[in-house]
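Right, one structure below, let's go through it.
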Amino acid sequence: MKTRTWIIILSSAVIVCAVLWMFILNSSSPSKIVGIYQDGSLVEKIDLNSVTDEREITLNGKFGKNIIFISHGHIEMKSAECPDKICVKHGALEIGGTPIVCLPNKVVIQFEETPYGADAKTGAAE
Amino acid sequence: MNFMRKFSILFMTVAVLFCSACDFDSKADSEFFAMDTIMSITAYGSNSQSAVSAAENEINRLDKLLSVQNENSEIFKLNRDKSINASADTVTLLKRAMNFYTLTDGAFDITTEPLTRAWGFYSGLEKRVPSQNEIDNALKTVGAEHINIDNKNITLDENTSLDLGGIAKGYASAKTAQIFKENGVSSALISLGGNVRVVGSKPDGSDWSVAITDPDDNSKQVGTLAVRDTAVVTSGSYQRYFEENGHIYHHIIDTETGYPAQSGLKSVTVVSEDDTLADALSTGLFVMGLEKSSKLYSKNSALFGAVFVTDKNEIYITDNLENRFSSQHKFEVIER
Ligand SMILES: [Zn+2]
């Protein structure tokens, strides 16, 4: 009885540690996980590497629609009804590059991790 | 009984492990739009959630106070009426701006609003090269001598208008860092439209790594700085510009000429514990160029450090950053 209890307790402790360890490892490994945000809140999180079929996401903002195009390893603002079109001219989201930003419609598309090996980058978002 | 004791010890050990892992991971972040750009704030530790909310409120409050475009802001009213009874924040910030004007020999100037407007660098305007006549007229209104601060009463000369775009984010970043300290947050990362500020060290105790954007390619970097408790602010001609008849015109206007500054630099990054100074000096040093900036540095090496990228893609760093800067490129060191 005593031994069995110990085995159960110890093995559950090992499992807890393993799960935590995997969680920590997983969260620090580089990935192609992209977050799409509108007005500061998350619309969708996508791992670009696991995308198989091309698709589009349409968002409605103050200045009309933003259409986001997604394919394997790739995301871009395909079209937008905002006045400046800076988000469309940005092109595809690149590793280490600046986020795709539509200031008028308050849309941001960015990598969830910073893949350029630094915690932050200066002068990028303007 | 013995079993119960051993069990409770083990249980507590596991619980402590769990909690330390939780605490390490306890993180609050917020991304929102203010001051015509994206604000991104991340704080770690037990009090991080309330600190982030407080910081977000403070930034939005300052935006409403200092915006050139918001019709209810003090700066908008000052530009319209040429006279206001200002709040403590506005007075403090204007006084600091005047000091930076003196420090940079006029290179950092908050009276550029009429020039920036003539060049169309405000949202809703068309970017264009103004006529020489327009530039000459705007130049008459430029300079800190057109601002008068008498306690809370601020007055401007006729036709003078202010734009705090070169300093407001720095002030907001200082306030945010202060809020974090007051809330006991010892690890945080703030980016106000590319103005970076780090609080303390990373949660694991190491330095924060801040990359400097390559002016020629946004996806690359000039190098990285290992820092803690400091602001890192970059001003570059690549950040906002337009092309006309094969010429590129950027948004950092030199108030000597009324034209975009041609000082031989592509970008300047300023590192300082004083966020407001870092913000103002990044613009000021860009306008001054490498040589004048180096002279300013030799007298003020305790105040700031800087990284310069020249038109020829040479990199210069001040000697107080030698142990902090790393790059795959070759770089020169400016001795104080
Ligand atoms: Zn857009």
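General remarks:
- Positions within segment A:64-92 being touching a Leu at 6+ places or on another chain (Cβ under 9 Å), closer than 22 Å to B:Met39 by Cα and surrounded by fewer than 21 Cβ atoms within 10 Å (Cβ to Cβ), in sequence order: A:Glu76, A:Asp84, A:Ile86
- Sole exception among (1) modelled with pLDDT under 95; (2) within 10 Å of chain A (Cβ to nearest Cβ) for B:Leu225, by number: (1)
- Those strands (runs of 3 or more DSSP E) of segment A:33-126 in which 2 or more residues are within 16 Å of the ligand (Cβ to nearest atom) occupy A:33-38, A:55-61, A:64-71, A:74-80, A:100-102, A:107-111.
- Test: residue in segment B:232-244 that is touching a residue at least 12 places away in the same chain (Cβ under 8 Å), surrounded by fewer than 22 Cβ atoms within 10 Å (Cβ to Cβ), assigned to a loop (DSSP other than H, G, I, E, B) and acidic (Asp, Glu): no
- Residues of segment B:310-322 satisfying the condition of being in contact with a strand residue (DSSP E or B) (Cβ under 8 Å, 6 or more places away or on another chain) and either of a type in the set (D, E, K, R) or at pLDDT below 95 (or both): B:Asp311, B:Glu314, B:Asp319, B:Glu322
- Residue in segment B:73-81 that is within 19 Å of the chain's Cα centre (by Cα), under 16 Å from B:Glu145 (Cβ atoms) and modelled with pLDDT of 95 or more present: no
The values are calculated or read from the model by the stated rules, or taken from the named source; none is laboratory data. The shown structure was predicted, so the numbers you read here are calculated from the model rather than taken from an experiment. Note that we place each Cβ from the backbone using ideal geometry, even for glycine, and neighbour counts take in every protein chain shown.
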